[in-house]
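Q: Structure incoming, see below.
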């Protein structure tokens with residue numbers, strides 16, 4: 001006699017099999033709608049000669065597209081929340097996009113508690129009540145790959161954070177990335193003269209690592225050790241891993257108390273301080289300096305760095321201390337790229353176009369130019385790609401406008417390994433613009449870069465220009 005059919009099980013298998021196909025269909029239909037909308041608009045706006053009317057038309061078009069991009073990212077979730085974080089930056093995307101997409105931070109639908117409990121009990125081999133004295137059912141936040149809960153371990157006095165992976169999320173995210181790679185190939189052949197495909201390949205590699213929380217725990221410990229050992233006071237706070245509570249899909253770590261950086265303005269106003277005043281500006285600059293110092297040390301001294309400083313991963317704690325969360329995306333730069341990038345940082349800080357050109361060749365960034373002032377445009381391109389400071393009078397970069405360096409100089413090849421540095425710098429620039437501070441990470445990083453080059457035997461003490469802020473490094477030399 002045949003066993004009875006389990007229709008619920010059949011329905012779930014059918015749904016899981018066709019979900020990737022459904023997501024692909026949704027992506028291409030929506031992307032084609034947004035893209036063709038812009039192409040048709042470009043033709044329409046070309047007939048309007050009045051500059052002010054053109055700008056108003058562009059603003060309406062950006063608002064229309066922003067709603068469509070928001071709807072796609074919100075409905076599909078997962079990987080597209082990461083896309084929203086990258087695209088929705090105040091220095092890069094149209095203002096209408098930024099206003100809409102910034103609200104998507106940590107907006108992934110939460111996994112039901114019953115499923116969270118099953119994952120935890122399977123990963124740790126014990127029931128939740130055996131492990132935890134208290135476990136908050138509602139998550140603190142839910143992102144594309146995992147969600148986090150506040151809890152307290154049995155016999156402990158301090159709270160912890162429990163990170164739990166969403167079941168079945170890996171296959172869906174890989175489908176999304178492969179669709180994006182196909183679109184990137186099309187865009188770089190038609191509209192954007194930049195090696196977008198290499199960028200998406202590096203994204204695929206980096207995001208693939210995020211599904212292993214044991215790797216994340218090791219990365220968190222390594223970065224915490226480096227920053228705490230190399231500074232009297234670490235520039236950022238890094239959570240401590242609870243070592244016997246780590247598995248591939250679950251991770252328990254120290255709870256750091258703070259407010260998300262996106263809520264900083266509201267918190268300052270609550271305390272009766274003018275968010276646009278001098279006191280607030282000093283606090284914001286201190287926060288930005290702490291964060292960029294940590295990244296300068298990680299990238300240029302260690303080569304091993306946290307590669308995802310989007311606002312959802314940054315907490316502001318007591319005394320304007322900065323907490324840096326989520327070590328799923330980290331990068332270990334090869335030595336040649338670390339030193340090549342150090343050379344580029346010095347070149348940007350010194351506004352040295354010849355050294356920029358040499359650094360590009362050393363890094364394997366292949367460019368093609370037909371413009372007259374090639375070296376000057378290369379310097380502008382380097383500043384656009386690898387520094388956080390905006391040019392005088394500019395409040396928002398438009399890298400794909402006809403006047404931008406990236407239109408005048410085609411980037412034919414870009415090393416995948418360097419994408420994480422590029423993305424990190426752009427996220428830091430987004431934070432500086434969001435905080436209202438025009439700030440150069442290249443200028444702050446120059447002494448760290450010079451020290452890295454000196455220790456590698458590529459720079460002599462006499463080649464380092466003595467400035468007051470570099471006395472400590474010169475004293476060490």
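Laboratory data are not the source of any read-out in this text; all were calculated from the coordinates shown. Because the structure is a prediction, the values reported are computed rather than measured. Note that we place each Cβ from the backbone using ideal geometry, even for glycine, and neighbour counts take in every protein chain shown.
Q: Could you work out the relative contact order of the chain, using alpha carbon pairs under 8 angstrom and six or more residues apart, expressed as a whole percent?
A: Relative contact order here is 13 percent.
Q: Okay, moving on. For Kirkwood radius over Cα pairs in Å, pick the label among [x] 23.2; [y] 24.3; [z] 22.1 that corresponds to the value derived from the coordinates.
A: Correct label, based on the coordinates given: [y].
Q: If I model a spin label at residue 178 and residue 456 as a point 7 Å from the Cα along the Cα→Cβ vector, what separation in nanometres do I get?
A: 3.7 nm
Q: Moving on to the next point. For segment 221-251 and segment 300-366, compute the distance between their C-alpha centroids and round to whole Å.
A: For segment 221-251 versus segment 300-366, the Cα centre distance is 19 Å.
Q: Give me the one-decimal nm value for the distance between modelled label points at residue 222 and residue 71, 7 Å along each residue's Cα-to-Cβ direction.
A: Distance between the two pseudo-spin positions: 4.4 nm.
Q: Please figure out what share of the DSSP beta bridges in the chain is antiparallel and state it in percent, rounded to the nearest 5.
A: Restricted to the chain, the bridges split so that about 90 percent are antiparallel.
Q: Let's test the formula: R0 of 30 Å, r as the Cβ-Cβ distance of residue 49 and residue 186. What FRET efficiency results, to the nearest 0.05?
A: Between residue 49 and residue 186 the formula returns 0.45.
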